[in-house]
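Contents: one structure, followed by commentary.
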């Protein structure tokens, strides 16, 4: 007799806007469906109904939360387990925690897929509120050794299931010719692919670029992202006398991101807090050398001088020095690009799939045994 297909309630954000967790949720849903899994998507960021509610702070959360809770309750009657894409802050309190408790009430096992570079600080501030919900989850999966350590020091075991990179889109050939990114040394193109928010510290990237321009006056910087600091960053670029060398693309779709990586010589990640940024993995997969701050989970993700150049946060001098070390040494840049391409293969779906399905099978088996014992 043929076994019934697995049915999973996948809880998380979806584009738009595009972003790390939203893209991962959408991609995971598609990949699971290709494995003949039935996926019930429960979107946490559905458009507001009515639309005018989005303009009213304070009550707009209610207009999103109540329909979300109804969808959770209904979905719990259809699925075998919930896979919850969870993050820190209000995202946890408003979306992850209610999903855990509704699953508990309806007798469905829960897997918490936790991500976010601010987890340690969030737990320090709010763990007394977070812990009861975590204790009612059946498994916690994290994408990095950094988060594994964050949970471990608070007594929670986790399973490591990396983020997924679509290597069919972000792809570079393995030959040396394909990794010669710095092929116009007099006109290097530097990119930052994080949103224009304080946590990503694009200000330091601008100051570092200003130092780079002393050596490469024709260098260009592209900031691919959107956010509240757009005007402030444009003003700073003008004050530094390099407005004509800095491009703000706004938020790009997936194909736009592929194009910008193909045109880049160096990718810079100036973040102040991070876990396992998809943007860094995308750059590695595209054969673009990476310069990143060494915060949070970044040292767990890449190796200094091998797959990336790591620098202290908020240090434009160190960041500029790392960028120049790549631009002035194309052979080093090619070696690092090739090492990055090889390293990122472990984040392809076939390699991640087995880890994820092992967790599903373990949780379902344990849940079935518990139900049998109750009967």
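The values are calculated or read from the model by the stated rules, or taken from the named source; none is laboratory data. This one's a predicted model, so the numbers in the text were calculated from it and none came from an experiment. Virtual Cβ from ideal backbone geometry, glycine too; neighbours counted across all protein chains shown.
Any residue in region 101-112 that is free of Cβ contacts under 8 Å to residues at least 60 places away in the same chain and closer than 27 Å to residue 271 by Cβ?
Looking for residues that are free of Cβ contacts under 8 Å to residues at least 60 places away in the same chain and closer than 27 Å to residue 271 by Cβ, one finds at least one in region 101-112, hence yes.
Given the criteria farther than 23 Å from residue 302 by Cα, modelled with pLDDT of 95 or more and outside the structural domain of residue 92 (by TED's automatic domain parsing), does residue 208 qualify?
It is false that residue 208 is farther than 23 Å from residue 302 by Cα, modelled with pLDDT of 95 or more and outside the structural domain of residue 92 (by TED's automatic domain parsing).
Look at region 110-141 and say how many of its residues are within 16 Å of the chain's Cα centre (by Cα) and outside any strand (DSSP E or B).
So the answer is 5.
Out of 254, 269, 275, report the one residue that is closer than 27 Å to residue 348 by Cβ and either in contact with a strand residue (DSSP E or B) (Cβ under 7 Å, 6 or more places away or on another chain) or not assigned by TED's automatic domain parsing to the domain that holds residue 312 (or both). So that I can check it myself, show each step before the final result.
Values: 254 fails: either in contact with a strand residue (DSSP E or B) (Cβ under 7 Å, 6 or more places away or on another chain) or not assigned by TED's automatic domain parsing to the domain that holds residue 312 (or both); 275 fails: either in contact with a strand residue (DSSP E or B) (Cβ under 7 Å, 6 or more places away or on another chain) or not assigned by TED's automatic domain parsing to the domain that holds residue 312 (or both).
Selected residue: 269, the only one of 254, 269, 275 that is closer than 27 Å to residue 348 by Cβ and either in contact with a strand residue (DSSP E or B) (Cβ under 7 Å, 6 or more places away or on another chain) or not assigned by TED's automatic domain parsing to the domain that holds residue 312 (or both).
Does region 220-243 contain at least one residue that is outside any loop (DSSP other than H, G, I, E, B) and either closer than 30 Å to residue 149 by Cβ or modelled with pLDDT under 95 (or both)?
The answer is no; no qualifying residue exists.
Answer yes or no: is there a residue in region 100-109 that is within 19 Å of residue 355 (Cβ to Cβ) and either over 24 Å from the mean Cα position of the chain (by Cα) or part of a helix (DSSP H, G or I) (or both).
Among the residues of region 100-109, at least one is within 19 Å of residue 355 (Cβ to Cβ) and either over 24 Å from the mean Cα position of the chain (by Cα) or part of a helix (DSSP H, G or I) (or both), which makes the answer yes.
I'm trying to understand the selection: among the residues of region 66-95, which are in a strand (DSSP E or B) and touching a helix residue (DSSP H, G or I) at 6+ places or on another chain (Cβ under 7 Å)?
Passing the criteria: 81, 82, 84, 85, 86.
Which residues, taken from region 8-56, are crowded, with 19+ Cβ neighbours inside 10 Å, part of a helix (DSSP H, G or I) and either touching a helix residue (DSSP H, G or I) at 6+ places or on another chain (Cβ under 7 Å) or touching a residue at least 40 places away in the same chain (Cβ under 8 Å) (or both)?
Across region 8-56, the qualifying residues are 20, 21, 23, 24, 25, 28.
Quick one: which of 241, 297, 340 is closer than 19 Å to residue 171 by Cβ and out of contact with any strand residue (DSSP E or B) (no Cβ under 6 Å at 6 or more places or on another chain)?
340
Among the residues of region 150-183 satisfying the criterion of being assigned to a helix (DSSP H, G or I) and at pLDDT 95 or above, which is surrounded by the fewest Cβ atoms within 10 Å (Cβ to Cβ)?
152
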